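The structure appears right after this line, and notes come after that.
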Amino acid sequence: MKISIMQPYFFPYLNYFKLIKMSDIFIILNDVQFQRRGWVHRNKFVNRYNKNYNDWLTLPLKKCKISTNINDLIFDETKIKSFFDKSIKFDFFCNKINSYPEIKKNIFKFDLKPSEYLLKHIKLTNKILNIKTKLILSSDLNISNKINYEERIIKMVQYFKGDTYFNLPGGKKLYNKKIFKKNGIDLIFLEDLEEKKISILDTLD
């Protein structure tokens with residue numbers, strides 16, 4: 001059983017979806033601390049006024065404590081108009097959501113929790129890419145998030161009797177292959193992409 005685990009990202013880059021496609025089960029890590037400088041709530045898109053410039057588009061979240069978990073984030077209704085106004089400045093973003101009705105239908109709907117919103121758009125993108133991997137929420141597994149991060153990942157893989165764990169290249173700084181092997185798991189890292197790490201919306205045909 002091949003397993004991969006990642007936080008939910010806002011229209012993440014191509015390698016994220018390669019990771020999902022390679023796996024039998026993809027675990028959405030939604031019950032960990034929200035990283036303000038991460039990719040959960042934002043991404044870069046090509047700016048229509050400067051084709052060589054990628055600018056941030058950030059989801060309209062309410063301010064929260066540093067200790068807040070991803071699945072406890074809340075949208076801020078007062079910021080939704082600003083998000084919409086800024087989004088129309090991005091050519092690729094606008095073109096792609098116009099090309100895919102289901103994304104266009106849901107992209108400006110903020111009646112869900114942010115973690116649920118992100119999951120919905122990962123599922124919609126999987127459908128576009130014909131990826132049929134099963135998605136599981138880490139919060140549904142009842143595996144403590146108070147233990148060592150690497151230990152928790154191993155426990156989640158073992159929960160599904162996984163023998164292979166796929167991870168993005170950045171995980172090389174976090175995980176020890178020998179420890180995974182000791183627990184009966186082959187740890188395999190994807191090769192890094194040579195192109196820019198831009199949103200999947202900028203790379204869809």
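The values are calculated or read from the model by the stated rules, or taken from the named source; none is laboratory data. Note that the structure is predicted; figures quoted are calculated from it, not measured. Every residue, glycine as well, gets a Cβ built from its backbone with ideal geometry; the counts of neighbours run over all protein chains shown. Protein only, heavy atoms only, side chains kept; ligands, DNA and RNA dropped before computing areas. Shrake-Rupley method; radii C 1.70, N 1.55, O 1.52, S 1.80 Å.
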Could you list, in sequence order, all residues of segment 70-99 that are among the aromatic types (Phe, Trp, Tyr) and modelled with pLDDT of 90 or more? 75, 83, 84
Restricted to segment 101-115, and to residues that are in a loop (DSSP other than H, G, I, E, B) and either within 26 Å of residue 153 (Cβ to Cβ) or open to solvent by less than 20 Å² (accessible area, probe 1.4 Å) (or both), which residue is modelled with the highest pLDDT? 113
If the requirement is being over 22 Å from residue 33 (Cα atoms) and touching a Leu at 6+ places or on another chain (Cβ under 6 Å), which of these qualifies: 102, 77? 102
If you take the residues in segment 31-51 that are open to solvent by less than 10 Å² (accessible area, probe 1.4 Å) and under 13 Å from the mean Cα position of the chain (by Cα), which one is nearest to residue 184 (Cα to Cα)? 40
Restricting to segment 1-30, give me the number of residues that are part of a loop (DSSP other than H, G, I, E, B) and open to solvent by less than 20 Å² (accessible area, probe 1.4 Å). 7
Can you pull out every residue in segment 116-151 that is open to solvent by 60 Å² or more (accessible area, probe 1.4 Å) and assigned to a loop (DSSP other than H, G, I, E, B)? 130, 132, 142, 145, 146, 148
State yes or no: is residue 155 more than 19 Å from the chain's Cα centre (by Cα) and either of a type outside the set (Ser, Thr, Tyr) or assigned to a loop (DSSP other than H, G, I, E, B) (or both)? yes
Among the residues of segment 74-81, is there at least one that is under 16 Å from residue 10 (Cβ atoms), assigned to a loop (DSSP other than H, G, I, E, B), open to solvent by less than 70 Å² (accessible area, probe 1.4 Å) and among the charged types (D, E, K, R)? yes
Residue check for residue 96: assigned to a helix (DSSP H, G or I) and without any contact (Cβ under 8 Å) to a residue 40 or more places away in the chain: no
Surrounded by 15 or more Cβ atoms within 10 Å (Cβ to Cβ), closer than 29 Å to residue 133 by Cα and polar (S, T, N, Q): which single residue out of 54, 69 fits that description? 69
Output for segment 162-185, where each listed residue is open to solvent by 60 Å² or more (accessible area, probe 1.4 Å) and not in a helix (DSSP H, G or I): 163, 174, 176, 183
Residue among 110, 90 that is without any contact (Cβ under 8 Å) to a residue 60 or more places away in the chain, farther than 24 Å from residue 197 by Cα and aromatic (Phe, Trp, Tyr): 110
